[in-house]
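The values are calculated or read from the model by the stated rules, or taken from the named source; none is laboratory data. If you're wondering where the values come from, they're calculated on a predicted model, not measured in any experiment. Virtual Cβ from ideal backbone geometry, glycine too; neighbours counted across all protein chains shown.
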Amino acid sequence: MNPSCQLVAPVFQEYRDILTRFITSRVKDPVDREELLSQVMMKIYDNCEKVDGIRNTEAWLITIAKNTIIDYFREQQKRQSEALPLNLGEIIDQDLIQQLSDCIPSLIEKLPEKYAKPLIDADLKGIPQKQLAIDYNMSESGLKSRVQRGRAQLKDLFTECCGHLLEVEAHCKPKSC
């Protein structure tokens, strides 16, 4: 056994409270906090040969704890994304999707032409915005802004006219598109 590794337990005990406060300030679940503290201890042990060469032990330990917490949150995020259904059809009825899709053309017609036409060309016809900027004799950033404003206006109209299809509450009164 490396003699430096015998120093791990005293170093960990000396800085345990600091590490606990650091982890507690970032992680809510007490069980996960204890698990992370154990992982930090294991990482310290795995790197025990470096303990003698460390100038600022507290900073080194906090860095280990910070990296352990980052790994924890990445794993949490990965688990959450794996739990989400890959197909929207699994959570939304296909009839509902069709009803919502049927609203879109009539809503686009309600937009001012300067927003409707670029929106149709970019999003429905799939023409690249770079090409549309040339066709409309506009800067590319100007066209992108116009398409974004058109999308925002379409979203507002959609919510106003077809949002009832997404509402669960019984008090919603359907409006036609």
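Any idea which of 27, 40, 31 is within 26 Å of the chain's Cα centre (by Cα), assigned to a helix (DSSP H, G or I) and at pLDDT 80 or above? From the options 27, 40, 31, the qualifying one is 31.
Report whether or not residue 112 is at pLDDT 90 or above, under 26 Å from residue 143 (Cα atoms) and touching a helix residue (DSSP H, G or I) at 6+ places or on another chain (Cβ under 6 Å).
The answer is no for residue 112.
Quick one: is residue 125 surrounded by 15 or more Cβ atoms within 10 Å (Cβ to Cβ), over 30 Å from residue 27 (Cα atoms) and at pLDDT 85 or above? For residue 125, the condition - surrounded by 15 or more Cβ atoms within 10 Å (Cβ to Cβ), over 30 Å from residue 27 (Cα atoms) and at pLDDT 85 or above - is not met.
Filter region 43-80 down to residues that are of a type in the set (Phe, Trp, Tyr) and free of Cβ contacts under 8 Å to residues at least 24 places away in the same chain and give me whichever is farthest from residue 21 (Cα to Cα).
The first filter runs over region 43-80 and keeps only residues of a type in the set (Phe, Trp, Tyr), leaving 45, 60, 72-73.
Remaining after also requiring free of Cβ contacts under 8 Å to residues at least 24 places away in the same chain: 60, 73.
Details: 60: 16, 73: 18 Å.
Per the criteria, the residue is 73.
Considering the conditions (1) over 30 Å from residue 27 (Cα atoms); (2) at pLDDT below 80, residue 86 is excluded by exactly one of them, (1). Filtering 71, 52 for residues that are in a helix (DSSP H, G or I), charged (D, E, K, R), modelled with pLDDT of 80 or more and on the phi < 0 side of the Ramachandran plot leaves a single hit, 71.
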